[in-house]
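A short worksheet on the structure shown next.
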Amino acid sequence: MAAEINKPVDPLWLQQSESEALRTQRRRISVVGLIGLTLPFLAWFIDTSFNQSCFRDSLSHYYYARLSGDLFIIALAFAGAMLVAYRGETRRINVLATIAGIAAFSVAFFPTTQPGCEIGAFTARAFTLVTTDLPLIMGTDPGFQAFPFVDYIHYASASLLFGMMIYFCWFVFPLVSASDINPMTGNIKIIKALRNAIYRSCALVILVTSAGLFVYFIAGLVTDVPFWNRLNLTFWCEAIGLMAFGLAWLVKGRFFNAGFMGA
């Protein structure tokens, strides 16, 4: 059975007791969870409240929003740093967490293309090359691109990040340690079984939303799907998947420790 923290590879053990290192680890995990759970709502709320802007087609398009764009980059970069610092049950899990962290950095710093708005004019910022004329810049047609093929890097990074979300929620977080076993019965404790059910439910939610995005991508190669952006379905798929990921990490970090989630 895997231990909660892998002592030999965590430098925190040089300065801290086991309980202190565990609390530090859980704080890291909870920060990632809070970012995942709140980022979609905060990005939308700040943009619509202060910019009177459009409801952008995807969460990634908030990169171009004033204020929300700063939040988007800082939040993902901070989550990426926490993922890189994560120390799990095995070295393999540590490597996978680092890969997920790098993917989060890449999503933040390699932006998607196009304005992400259907309205004629909107408030935006663009840390990017704009190689188009005024009507396109005003939002009547796609026009933003940081550099050639940046969208491929962004999509690949986002796909990798969502894949890591599913992997951690389904395979890593449900790992059972000795403390999760009831010594009287030899069975998994009820609270651990509940946490595992939440982890895997979150994994399924992320999988379904990711599948929706994949189907849209494939359909878009052969035909137009006009209702998709009109209903902002990319945003909702990304937001729901990211919030499910955030919930799983909050449970893993014992964010609800004082309540029903137990110790």
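The values are calculated or read from the model by the stated rules, or taken from the named source; none is laboratory data. Please read these numbers as outputs of a predicted model, since none were measured by experiment. Because the Cβ atoms are built from the backbone with ideal geometry, glycine has one as well, and the counts that use them run over all protein chains shown. Surface accessibility is based on the protein's heavy atoms, side chains included, excluding ligands, DNA and RNA. Shrake-Rupley method; radii C 1.70, N 1.55, O 1.52, S 1.80 Å.
Computed from phi, the 3J(HN,Hα) profile of the range 209-219 under the Karplus parametrisation 6.51, -1.76, 1.60 (θ = phi - 60°) reads 5, 5, 5, x, 5, 5, 4, 4, 4, 5, 4 Hz, with x in place of Gly and Pro. A straight chain from Arg92 to Ile181 at 0.36 nm per residue would run longer than the Cα-Cα distance by 29.6 nm.
Going highest first, how would you order 37-49, 78-90 by mean Cβ packing within 10 Å?
Ranking the peptides 37-49, 78-90 by packing returns 78-90, 37-49.
Amide H to amide H, which residues 5 or more places from Ile181 or on other chains are under 5 Å from it, using H placed in the peptide plane? Long-range HN contacts for Ile181: Lys189.
Placing R0 at 35 angstrom, the Cβ-Cβ distance between Arg23 and Val215 gives a FRET efficiency of 0.25 after rounding to 0.05. Phe50 contributes an accessible area of around 130 Å² to the protein surface, as traced by a 1.4 Å probe with all chains present.
Note that the range 236-251 has calculated 3J(HN,Hα) couplings of 5, 5, 5, 5, 5, x, 5, 5, 5, 4, x, 4, 4, 5, 5, 5 Hz, one per residue in order, obtained from phi through the Karplus relation 6.51 cos²θ - 1.76 cosθ + 1.60 (θ = phi - 60°); glycine and proline are x.
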